[in-house]
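Peer 1: Would you mind keeping the following structure in view while I ask a few things?
The values are calculated or read from the model by the stated rules, or taken from the named source; none is laboratory data. From a predicted model like this one, the values you see are computed outputs, not experimental measurements. Cβ: placed from backbone, ideal geometry, glycine included. Neighbour counts: every protein chain shown.
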Amino acid sequence: MWSRSFKVLRGLSLLAAVFALGLVMFGAFVRLSNAGLSCPDWPTCYGQVTWPEHAHEIARADAAFPQRPFETHKAWREQVHRFLAGTLGVMVLALALLASWRKRAARLAVMAGAAFAAAGVGLYMHGEHRWSSLLAACAMALPLFAAIGLQRPAAWKISVLALAVIIFQAMLGMWTVTLLLKPMVVMGHLLGGMATFALLAYAALRFAGVGATDERLADLRRWVAIGIVLLACQIALGGWTSSNYAALACGYGPGSFPQCLGQWLPATDFHQAFVPWRTIGVNYEGGVLDMAARSAIQITHRLGALVVAGYLGWLSFRAARRGLRGYGIAIALALVSQLLLGIGNVYLGLPLTVATAHNGMAALLLFTLLATLARTQRRPDGASFAVGGAPPA
């Protein structure tokens with residue numbers, strides 16, 4: 001008989017996964033609407049918990065940050081995104097506490113990690129950046145070690161691990177602002193959001209009992225794992241494309257796809273396109289690369305899409321042939337939708353709704369692969385699902 005605690009754990013993991021998906025899409029909306037630096041400080045917005053609304057508050061904000069004039073239609077997006085991220089952080093903390101509650105050492109590590117994270121934010125706001133960074137490192141390490149040492153099934157470990165990831169994600173959000181949209185950080189922030197969603201979604205799937213009753217699907221497992229790795233690389237390329245403002249580097253409308261700027265071999269600069277870390281202090285809003293470098297990024301993203309499409313198309317067919325017909329169809333539908341949204345971005349000139357949907361569909365495509373992976377794993381027995389029960393052998 002499943003305990004009440006497990007039912008709460010299962011429901012909370014599902015809620016957190018759905019919330020994380022929404023947050024990924026809202027984060028894309030903020031980034032694509034060029035609102036990433038609309039609040040030049042962190043975690044406040046022009047020194048306020050919310051954002052300036054009245055005339056005297058706006059005047060004070062402009063005086064305090066003359067390099068960044070206040071824009072109401074952008075600032076609310078960035079700060080609401082932070083509020084939503086904080087809400088997800090609280091949900092993940094509750095999930096981690098519930099998953100580790102019966103193990104005293106793990107529970108204390110989770111609680112200490114949360115306390116260090118909160119203290120680190122306070123120190124950062126008071127200008128103590130070194131101490132803040134030290135506490136943040138401890139805040140990430142504690143739940144990570146707790147997850148590794150937790151003697152529970154994978155879903156419990158992942159629930160604790162998600163806390164370490166979301167603390168790091170908060171740090172990336174801070175660096176996104178303080179490092180002025182540095183592409184490597186912005187790309188990392190996107191990957192962190194996807195990783196948070198992936199962990200919560202996989203935990204929810206396992207808590208829901210998704211799995212196989214035998215090992216007949218085990219040989220499919222490694223092919224699904226390869227698909228997840230390839231998709232993660234392609235998502236990273238998408239983040240690099242977006243953070244370098246290269247989405248329309250090949251133009252838009254006729255001649256922009258499958259060609260680039262009306263040519264099959266336009267001028268490119270792959271060396272400058274993929275320099276991982278450039279000078280500190282440069283404002284990357286709008287991008288700093290020339291057209292040849294941006295074209296190289298866009299072409300690489302398209303070639304990556306071709307590789308991923310070919311592999312996932314084959315994987316969906318293989319999954320269907322192995323008896324996972326519904327999973328194979330889901331992968332294929334999500335893949336086709338993602339390709340059409342990507343092409344639509346180019347042809348239509350990157351409309352905000354289509355670009356945001358492109359990010360959301362990437363997360364849904366990732367989910368179909370995670371669901372397929374979970375389906376190839378052996379289903380945990382009922383005893384291991386009880387929070388107080390013994391872990392499986």
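Peer 1: So, in region 103-117, how many residues would count as being more than 25 Å from the chain's Cα centre (by Cα) and buried (at least 16 other Cβ atoms within 10 Å of the Cβ)?
Peer 2: Total satisfying the criteria: 3.
Peer 1: Considering every residue within region 15-26, establish whether at least one is within 19 Å of S100 (Cα to Cα) and assigned to a loop (DSSP other than H, G, I, E, B).
Peer 2: no
Peer 1: Restricting to region 266-317, count the residues that are in a helix (DSSP H, G or I), farther than 22 Å from G255 by Cα, β-branched (V, I, T) and without any contact (Cβ under 8 Å) to a residue 60 or more places away in the chain.
Peer 2: Qualifying residue count, region 266-317: 0.
Peer 1: Could you tell me how many of the residues in region 33-89 are part of a helix (DSSP H, G or I) and of a type outside the set (V, I, T)?
Peer 2: So the count comes out to 24.
Peer 1: Quick check, is G251 outside any helix (DSSP H, G or I) and either among the hydrophobic types (A, V, I, L, M, F, W, C) or farther than 30 Å from P40 by Cα (or both)?
Peer 2: When the stated conditions are applied, G251 passes them.
Peer 1: Next up: Please enumerate the residues belonging to region 157-187 that are in contact with a Phe, Trp or Tyr (Cβ under 8 Å, 6 or more places away or on another chain) and of a type outside the set (A, V, I, L, M, F, W, C).
Peer 2: Within region 157-187, G173, T178, K182, P183 qualify.
Peer 1: I'd like to verify a number: residues in region 275-320 that are within 22 Å of V186 (Cβ to Cβ) and surrounded by 15 or more Cβ atoms within 10 Å (Cβ to Cβ), how many?
Peer 2: Number satisfying all stated conditions: 19.
Peer 1: G22 versus (1) surrounded by 18 or more Cβ atoms within 10 Å (Cβ to Cβ); (2) at pLDDT 95 or above; (3) not aliphatic (A, V, I, L, M): which is the lone unmet condition?
Peer 2: (1)
Peer 1: Condition test on P183, is it crowded, with 22+ Cβ neighbours inside 10 Å and more than 22 Å from R325 (Cα to Cα)?
Peer 2: yes
Peer 1: Could you grab the pairs with beta carbons closer than 7 Å, sequence gap of 6+ or different chains, first residue in region 186-201 and in contact (Cβ under 8 Å) with a residue 24 or more places away in the chain and not assigned by TED's automatic domain parsing to the domain that holds P276, second one part of a helix (DSSP H, G or I) and of a type in the set (F, W, Y)?
Peer 2: That search, which allows pairs on different chains as well, returns M187/W240; G192/F168; A201/F367.
Peer 1: A further question follows. I'd like to know if region 118-130 contains one or more residues that are touching a Phe, Trp or Tyr at 6+ places or on another chain (Cβ under 9 Å), of a type in the set (D, E, K, R) and in a helix (DSSP H, G or I).
Peer 2: Looking through region 118-130, none of the residues is touching a Phe, Trp or Tyr at 6+ places or on another chain (Cβ under 9 Å), of a type in the set (D, E, K, R) and in a helix (DSSP H, G or I).
Peer 1: Identify, by number, the condition in (1) surrounded by fewer than 16 Cβ atoms within 10 Å (Cβ to Cβ); (2) under 23 Å from S159 (Cβ atoms); (3) not small (G, A, S) that E53 doesn't meet.
Peer 2: Only one criterion in (1) surrounded by fewer than 16 Cβ atoms within 10 Å (Cβ to Cβ); (2) under 23 Å from S159 (Cβ atoms); (3) not small (G, A, S) is unmet by E53, namely (2).
Peer 1: Pairs, please: C-beta under 6 Å, at least 6 apart or cross-chain, first residue at negative phi and in region 94-107, second part of a helix (DSSP H, G or I) and charged (D, E, K, R)?
Peer 2: If the second residue must be part of a helix (DSSP H, G or I) and charged (D, E, K, R), the pairs left are S100/R107; W101/R107.
Peer 1: So in region 360-393, with the set limited to residues that are modelled with pLDDT of 55 or more and among the hydroxyl-bearing types (S, T, Y), which one is nearest to A201 (Cα to Cα)?
Peer 2: Looking at residues that are modelled with pLDDT of 55 or more and among the hydroxyl-bearing types (S, T, Y), I get T368.
Peer 1: Another one. Mind checking which pairs have a first residue in region 130-150 that is free of Cβ contacts under 8 Å to residues at least 24 places away in the same chain and a second that is among the aliphatic types (A, V, I, L, M) and surrounded by fewer than 20 Cβ atoms within 10 Å (Cβ to Cβ), Cβ under 7 Å, 6 or more apart or different chains?
Peer 2: From region 130-150, the pairs are W131/L123; S132/L123; L135/A119; L135/L123.
Peer 1: Within region 56-64, identify whether any single residue is touching a Cys at 6+ places or on another chain (Cβ under 6 Å) and either surrounded by 15 or more Cβ atoms within 10 Å (Cβ to Cβ) or not charged (D, E, K, R) (or both), and answer yes or no.
Peer 2: Among the residues of region 56-64, not one is touching a Cys at 6+ places or on another chain (Cβ under 6 Å) and either surrounded by 15 or more Cβ atoms within 10 Å (Cβ to Cβ) or not charged (D, E, K, R) (or both), which makes the answer no.
Peer 1: Can I ask one more? Does region 202-215 hold any residues that are more than 20 Å from Q169 (Cα to Cα) and either free of Cβ contacts under 8 Å to residues at least 40 places away in the same chain or among the hydroxyl-bearing types (S, T, Y) (or both), and which are they?
Peer 2: Result: T213, single match.
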